[in-house]
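Structure record follows, encoded as structure tokens.
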Amino acid sequence: MMTVKTIEKNNTIIAIVQSEELLITDVQSALDFVASIAYEMDCNYIILNKEAITEDFFVLSTRLAGDILQKFINYYIKFAVVGEFAHYTSKPLKDFMYESNRGKDVFFVGTEEEAITKLITVK
């Protein structure tokens, strides 16, 4: 089941999505997810729990993360993934997350509060 709530902070509306089911399994499901959230909640700042994203996303050789995140950037979506990432041992993945967190579009963080802080400071 998916729950969606919105908050407004610093004149920014952020959709916070929690799901125990996989919502993002490929590029099309990611686009469908973003389109429905952006349309229904009228916002382009989205926080999603890591469990709602296929593990293939975190295997960079699948190119899924790059393909999906490029689409999000093209559609002006600011996106934060909340979860535990310490168990990933891939140096390229760690580097990818580190560089993403230094940018302005996509973040990988441990808590919802961190995600909100990142998203409201990227304007």
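Near the amide H of I77, within less than 5 Å, lie no amide hydrogens of residues on another chain or at least 5 residues away, with H placed in the peptide plane. Derived value for the chain: Kirkwood hydrodynamic radius 14.4 Å. Basis is the mean of 1/r over every pair of different alpha-carbon atoms.
Counted over the chain, the DSSP beta bridges are approximately 35% antiparallel.
Net charge of the neighbourhood of Q28, taken over other residues with C-beta under 13 Å away and scored Lys/Arg +1, Asp/Glu -1, is -2. Applied to the range 81-87, the Karplus parametrisation 6.51 cos²θ - 1.76 cosθ + 1.60 on θ = phi - 60° returns per-residue 3J(HN,Hα) values of 10, 10, x, 9, 10, 4, 6 Hz, with x for Gly and Pro. Per residue, the convex hull spanned by the alpha carbons of the range 12-69 comes to 74 Å³. Applying 1/(1 + (r/R0)^6) with R0 = 30 Å to the Cβ-Cβ distance of A35 and D95, what FRET efficiency is obtained, to the nearest 0.05? That gives a FRET efficiency of 0.50. Scanning residues 5 or more positions from T6 or on other chains, those with amide H under 5 Å from its amide H are I16, with H placed 1.01 Å from N in the peptide plane. Using the Cβ-Cβ distance between V4 and S61 with R0 set to 41 Å, the FRET efficiency works out to roughly 0.85. Annotation: amide H of F108 within the under-5 Å range of V81, N101, sequence separation 5 or more or interchain, hydrogens built in the peptide plane.
May I ask for the angle, rounded to the nearest 10°, between helix 64-74 and the longest principal axis of the chain, with both axes built from Cα atoms and the value confined to 0 to 90°? Tilt of helix 64-74: around 30 degrees.
Read the figures in this text as sums done on the coordinates, not as results from a lab. These figures come from a predicted structure and were not determined experimentally. Because the Cβ atoms are built from the backbone with ideal geometry, glycine has one as well, and the counts that use them run over all protein chains shown.
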